[in-house]
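What follows is a short report on a single structure.
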Amino acid sequence: MATPDFSQIGGSQDDVSKRSYWSKPEGITSLLFLGGLGAVGLYFWNRIAAFLIEVTKNTLYLGFLMAALALVIFLVTSKDVRTAVFFLFKTLMRNITGLIIKLDPIAIMKIYIDDLKEKREKMQGQINTLAGQLVKLNKNINENNEQIKQKFAEANKASTMLDRPGMKETASLATIEGAGLQEMNEKLFPLQRNMKTVLEFMEKVNKSADYIIKETEIKVKLKEAEYRIVKESSNALRTAVSIFKGNPDKKFYFDESMEYIQDDMSQKLGEMKRAMDLSLDFINGVDVQNGLLSDKGQAMLEAYNSNQFKFIQLDAPQTSNRPIEAPKDSSYKGLLD
């Protein structure tokens, strides 16, 4: 029986093995799965993008927080930074203190004195309280001594009556109570002595504080008077110096006013000179006309005195008006024409 030729039907087995993955049936299935997955991704893309953006934002925010935390840890643990901050704070506080002191140093000194007085009054109240406690303690010791005397007297009385029942116990109890009161006084006495010593010391401190406060008040008063005199002297000297140097702002306006007056005067003097130059020709012409009229009047006066002047007659014939003869001087020629 002959073997069939498979090469004519579907190719050889080597050709089948060389086909790509995507051309095989499982490859087609993979393409369909990836396409469906891509469709689902496109459908939910908005949510996916929002999730990715939120994750990115949180990551950046976390990074910023970690950087800030690292910076804070560095600033706290760095010795140089702490030293620099300390000196910066100290410098700032010193500048603020200097500014406050410059505002009114005398008032600050008086506030200090008031604070000392308040502390002295508080100490005086404590001294009074301690003195009252000492009085109570002394009274308690004295009362214990009186009770001791009384108990010992009772013990002695009971000792003389030992034949009676219970007197021995009474004498013993009175002795025990007296001994207890004495022991109490022995413990209270050192306390009383210490309180007395403290009270005496506080009394001395109170007197010293009163002296210090009064001395400080005197110093402040003297310093206030001295400071006021120096300020007034400085203001007077500054005023005297300002007469020579002048206040910069006021001197500026003074110089500007002086310059304006100088410019205005120069302008007005220039205008006056130009007006005089322009009117000189007119004045000269007027003087010439006045001179001519004066000469003409003089000639007419001479003609009148020589009976040669003729008045204008309205009813007289025109031929009767003879002209006035002119003087022989050629300078008057043509004046009566």
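The values are calculated or read from the model by the stated rules, or taken from the named source; none is laboratory data. What you see is a predicted model, and the numbers here were worked out from it, not measured in a lab. Heads up, the Cβs are rebuilt from the backbone with ideal geometry, glycines too, and the neighbour counts pull from every protein chain shown.
The conditions of being over 26 Å from Lys214 (Cα atoms), in contact (Cβ under 8 Å) with a residue 40 or more places away in the chain and in contact with a helix residue (DSSP H, G or I) (Cβ under 6 Å, 6 or more places away or on another chain) are not met by Ile106. Of everything listed in (1) among the aromatic types (Phe, Trp, Tyr); (2) over 27 Å from Thr129 (Cα atoms); (3) assigned by TED's automatic domain parsing to the domain that holds Val135, the single unmet condition for Phe252 is (3).
Rundown of residues vs (1) modelled with pLDDT under 80; (2) not small (Gly, Ala, Ser), yes/no style:
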residue: Glu232; (1), (2): no, yes
residue: Ile243; (1), (2): yes, yes
residue: Gly285; (1), (2): yes, no
residue: Met300; (1), (2): yes, yes
residue: Ser320; (1), (2): yes, no
residue: Pro327; (1), (2): yes, yes
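Flag not set for Leu222, criterion: surrounded by 12 or more Cβ atoms within 10 Å (Cβ to Cβ) and either touching a Gly at 6+ places or on another chain (Cβ under 7 Å) or in a helix (DSSP H, G or I) (or both). Look at Ala171 and say whether it is assigned to a helix (DSSP H, G or I), in the same structural domain as Ile141 (by TED's automatic domain parsing), farther than 30 Å from Leu130 by Cα and touching a Ser or Thr at 6+ places or on another chain (Cβ under 8 Å). Considered against the rule, which asks whether it is assigned to a helix (DSSP H, G or I), in the same structural domain as Ile141 (by TED's automatic domain parsing), farther than 30 Å from Leu130 by Cα and touching a Ser or Thr at 6+ places or on another chain (Cβ under 8 Å), Ala171 comes out as yes. Quick one: which of Ile101, Ile111 is within 28 Å of Ile213 (Cβ to Cβ) and modelled with pLDDT of 80 or more? Residue meeting the stated conditions: Ile111. Given the structure, is Met161 free of Cβ contacts under 8 Å to residues at least 60 places away in the same chain and either under 30 Å from Lys119 (Cβ atoms) or assigned to a helix (DSSP H, G or I) (or both)? So Met161 fails the test. From the set of residues in the stretch 163-217 that are of a type in the set (Val, Ile, Thr) and under 16 Å from Phe152 (Cβ atoms), which is modelled with the lowest pLDDT? This residue is Thr170. The number of residues in the stretch 252-291 being among the acidic types (Asp, Glu) and under 30 Å from Ser242 (Cα atoms) comes to 5. The criterion of at least 1 residues that are modelled with pLDDT of 85 or more and within 60 Å of the chain's Cα centre (by Cα) is met by the following helices (runs of 4 or more DSSP H) wholly inside the stretch 1-86: 45-77. All conditions in (1) in the same structural domain as Ala225 (by TED's automatic domain parsing); (2) surrounded by 12 or more Cβ atoms within 10 Å (Cβ to Cβ); (3) among the β-branched types (Val, Ile, Thr) hold for Val135, with the sole exception of (2). The residue pairs whose first member lies in the stretch 109-121 and is closer than 18 Å to Lys207 by Cα and in contact (Cβ under 8 Å) with a residue 12 or more places away in the chain, whose second member is surrounded by 12 or more Cβ atoms within 10 Å (Cβ to Cβ) and basic (Lys, Arg), and whose beta carbons are closer than 6 Å, counting only pairs six or more residues apart or on different chains, do not exist in this structure.
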